[in-house]
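Inspection log for the structure reproduced underneath, given as structure tokens.
The values are calculated or read from the model by the stated rules, or taken from the named source; none is laboratory data. Remember, it's a predicted structure, so these values are computed and weren't measured experimentally. Here the Cβ positions follow ideal geometry from the backbone for every residue, glycine too, while neighbour counts run over all protein chains shown.
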Amino acid sequence: MDSASAPSSKIATDPRLGPLLQAIADRRDDLIALTQDLIRIPTLNPPGENYRLICEYLDTRLRKSGFDTEFIRAFGTPGDCEAYPRWNIVARRQGAHPGPCVHFNSHTDVVEVGSGWTQDPFGGALKDGLIYGRGACDMKGGLAASIIAAEAFVATFPDHAGAVEISGTADEESGGYGGVAYLAEKGYFSPDRVQHVIIPEPLQKDRICLGHRGGWWAEIETFGEIAHGSMPFLGDCAVRHMGAVIDAFETTLYTAMAARHTDMPVVPEGARSSTMNINSIHGGQAERPLDSTALPSHCVPDSCRIVIDRRFLIEESLDGVRDEVTGLLDGLKANRPKFDYALRELNHVLPSMTDRDAPVVQTVARQIAAVMGRAPEYVASPGSYDQKHIDRIGRLKNCIAYGPGLLELAHKPDEYVGVDDMMDSVAVMARSLAELLLPAPDATPTPD
Ligand SMILES: [Zn+2]
């Protein structure tokens, strides 16, 4: 769709956009090669491999395009060690005039490969317009799209206002503590340094992701008393106590959670209610390997543990979520003979939600309309991503996720990203830079 057919955006009819759109079209092969190169650096997390290598790759590339770069290692964060250092890169291109800073943040890590692949997960094969590999959609395709958009923009408008930043950060797949959280603590996302943040996660080229639900993770242990398995009445079975916990969840907690609905536009629809996954359960002796020929000894288990993964809505409070679970456990302690428990909180993340009228939302919405010919869909994510750190630690509210790729493919075998989808996202990103970092097209030039 050409720029003239989207009257909702002033920038859509800006004649200065012609050279920018040409610069994007000229970079199609470069976009493909860049995406392939990024996929071919296996940045598996855990354990956190090749972060330095991918930062060096981005450093070489972005310095050639006129960016200043900084390497930042997140010393002392979870997983950071000499074998697997948590390296991050922040690249900045300062414009010729004062103005806001637009920051594209992508995580460089990918999750384990898993089974079921028919393509080389680190081959980056291009087939029928799709590029395959672990991280193709989540989110090296988005990183590549933002780089091409920024490069096309600064090459076309070297005298732009403000600044363009691109960061490649570690550890998003394991919580972002060695990546965006660390950078936010060091001031890289402070509102006086950065004004607009776009995270090119694979939310689809025509959707704007405003935020995400919260999460609370805890381990619950029930206790018992060891005894001979032939005389369980002489001991106390921790697994049966855990059965009572799960029964209380089934009869009380799950029905209460299912009845709660959020106004957040979470996709898929099922995630508009509160949810809880029981991540693992283990009681008694260490589990036997499946191929073991050894027989277990006969003991009443004195400990049983589960890990729960409770996702909560912006309408719920973290304290309320906690109290609901501990209330059930305390009820069992009061009423069930010999019941005792321990609860260890593992982690929590608060929900994050950017206003629809925030400047970055409005800008990207106008440019999606101009490129795609239809208004964007607004969504929120069931799971969290690095927006939580930019919001809570960085105190920056003007942040969205927008990028190419289908969320459903993330972490799956034969993950891919479409070249045409990336090209459309590049256009949206570059045009958003033009809207935010060029003077208004109808601004009257000031006489000297
Ligand atoms: Zn991701």
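Values for this structure:
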{"quantity": "Considering residues of region 34-53 that are assigned to a loop (DSSP other than H, G, I, E, B) and out of contact with any helix residue (DSSP H, G or I) (no Cβ under 7 Å at 6 or more places or on another chain) only, the residue nearest to A150 (Cα to Cα)", "calculated": "R40"}
{"quantity": "Of all residues in region 176-191 being touching a Phe, Trp or Tyr at 6+ places or on another chain (Cβ under 9 Å) and aliphatic (A, V, I, L, M), the one that is farthest from the ligand (Cβ to nearest atom)", "calculated": "L183"}
{"quantity": "Residues of region 217-255 that turn out to be of a type in the set (F, W, Y) and within 30 Å of L350 (Cβ to Cβ), as a count", "calculated": "3"}
{"quantity": "Which listed residue is loosely packed, with under 15 Cβ neighbours inside 10 Å and either at positive phi or aliphatic (A, V, I, L, M) (or both), from G76, G135, G124, G66", "calculated": "G76"}
{"quantity": "P289 being at pLDDT below 95 and out of contact with any Asp or Glu (no Cβ under 7 Å at 6 or more places or on another chain)", "calculated": "yes"}
{"quantity": "Lone qualifier among G48, G76 - being closer than 25 Å to G114 by Cβ and either without any contact (Cβ under 8 Å) to a residue 24 or more places away in the chain or of a type outside the set (F, W, Y) (or both)", "calculated": "G48"}
{"quantity": "Among the candidates V307, V379, residue that is buried (at least 16 other Cβ atoms within 10 Å of the Cβ), within 16 Å of the ligand (Cβ to nearest atom), assigned to a strand (DSSP E or B) and not polar (S, T, N, Q)", "calculated": "V379"}
{"quantity": "Some residue of region 347-370 being out of contact with any Cys (no Cβ under 7 Å at 6 or more places or on another chain), assigned to a loop (DSSP other than H, G, I, E, B) and of a type in the set (G, A, S)", "calculated": "yes"}
{"quantity": "When residues of region 192-233 are limited to those that are among the acidic types (D, E) and under 18 Å from the mean Cα position of the chain (by Cα), the one nearest to the ligand (Cβ to nearest atom)", "calculated": "E201"}
{"quantity": "Odd one out for L406, checked against (1) modelled with pLDDT under 95; (2) within 16 Å of the ligand (Cβ to nearest atom); (3) more than 30 Å from T118 (Cβ to Cβ)", "calculated": "(3)"}
{"quantity": "Failed criterion for E173 (all others in (1) within 16 Å of the ligand (Cβ to nearest atom); (2) at pLDDT 95 or above hold)", "calculated": "(2)"}
{"quantity": "Region 249-266 - residue that is outside any loop (DSSP other than H, G, I, E, B) and among the aliphatic types (A, V, I, L, M) and, of those, nearest to A380 (Cα to Cα)", "calculated": "V266"}
{"quantity": "Per-region count, region 383-401, residues of a type outside the set (G, A, S), in contact (Cβ under 8 Å) with a residue 60 or more places away in the chain, away from the ligand (no atom under 13 Å from the Cβ) and in a loop (DSSP other than H, G, I, E, B)", "calculated": "4"}
{"quantity": "Top-ranked residue in region 79-114 [being surrounded by fewer than 16 Cβ atoms within 10 Å (Cβ to Cβ) and among the acidic types (D, E); ranked as farthest from the ligand (Cβ to nearest atom)]", "calculated": "E82"}
{"quantity": "Residues (of a type in the set (S, T, N, Q) and in contact with a strand residue (DSSP E or B) (Cβ under 7 Å, 6 or more places away or on another chain)) located in region 171-225", "calculated": "Q195, T222"}
{"quantity": "Checklist (1) farther than 25 Å from W87 by Cβ; (2) within 16 Å of the ligand (Cβ to nearest atom); (3) of a type outside the set (A, V, I, L, M, F, W, C) applied to T156, failing item", "calculated": "(2)"}
